[in-house]
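Q: What follows is a structure written as structure tokens; I'll ask about it next.
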Amino acid sequence: MKIAVASDIHGSYPAAEAFFYLAEKCGAEKYILLGDLYYHGIRNPLPEGYAPLKVAELLNEKADRLLVVKGNCDSDVDQTVSNFTFAPFLEVEEGGKKIFCTHGDHYDPEHLPKGKYDLFLYGHFHTGLIEKRGDLIIANPGSLSLPKGGTEASFLLLDEDKLTLFSLSGKPLREIAL
């Protein structure tokens, strides 16, 4: 099964729309969203096409295929407009791989959760990343709307045998075998 992973939409409808278009074009059947879905946060500028309610409507259309982690910019009231649950973190098993999913404000590559995982997915930092540390693959999909550090807007695609970081223009940026 192909799973598309995104984070830090921050209410940008064009970015959310582009992500789902590209993910579906790549054959994604499920989506993991690593938080900060609707609001831009006090330290961030308004992203292009800022429309949190339209983003909520788009996500609700796909609610049956979403797994969602709550980010630091997500609030309890967001649950009232969402047809899916915001989890503090997720533990997912897919293709024999144990995956830990978090926003990144509590767990990050320097503060890993206890337990044995094959893949650690986190958002929050707005920079796409894939790296291997021993037997653990650490990956950040970057931000769909507010990339930082000179990076491009990006997302991850998890396939049976590889993990790929794609730019929001559809260009593969980095890939690692699982």
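Q: Can you tell me which residue is farthest from ALA15 (Cα to Cα) among those in segment 106-129 that are touching a residue at least 60 places away in the same chain (Cβ under 8 Å) and in a loop (DSSP other than H, G, I, E, B)?
A: Looking at the filtered set, the residue picked out is ASP118.
Every residue, every condition in (1) among the polar types (S, T, N, Q); (2) closer than 21 Å to TYR107 by Cα, yes or no:
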| site | (1), (2) |
| --- | --- |
| GLY142 | no, yes |
| GLY150 | no, no |
| SER154 | yes, yes |
| ARG174 | no, no |
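Q: Could you check how many residues of segment 30-55 are in contact with a strand residue (DSSP E or B) (Cβ under 7 Å, 6 or more places away or on another chain) and either of a type in the set (Gly, Ala, Ser) or surrounded by fewer than 17 Cβ atoms within 10 Å (Cβ to Cβ) (or both)?
A: Final tally of qualifying residues: 3.
Q: Among all residue pairs at least 6 apart or on different chains, which show Cβ distances below 6 Å where the first residue, located in segment 156-178, is without any contact (Cβ under 8 Å) to a residue 24 or more places away in the chain and the second is of a type in the set (Val, Ile, Thr) and buried (at least 16 other Cβ atoms within 10 Å of the Cβ)?
A: From segment 156-178, the pairs are PRO172/THR164.
Q: Moving on. Within the group LEU37, LEU46, which residue is at negative phi, modelled with pLDDT under 95 and assigned to a loop (DSSP other than H, G, I, E, B)?
A: Going through LEU37, LEU46 in turn, just one is at negative phi, modelled with pLDDT under 95 and assigned to a loop (DSSP other than H, G, I, E, B): LEU46.
Q: Here is a further query. When GLU94 is evaluated against the numbered criteria (1) in contact with a Gly (Cβ under 6 Å, 6 or more places away or on another chain); (2) surrounded by 14 or more Cβ atoms within 10 Å (Cβ to Cβ); (3) under 24 Å from CYS26 (Cα atoms), which criterion, by number, is the only one it fails?
A: (1)
The values are calculated or read from the model by the stated rules, or taken from the named source; none is laboratory data. Bear in mind that the values here come from a model prediction, so they are computed numbers and not experimental data. Note that each Cβ is placed from the backbone with ideal geometry, even for glycine, and that neighbours are counted across all protein chains shown.
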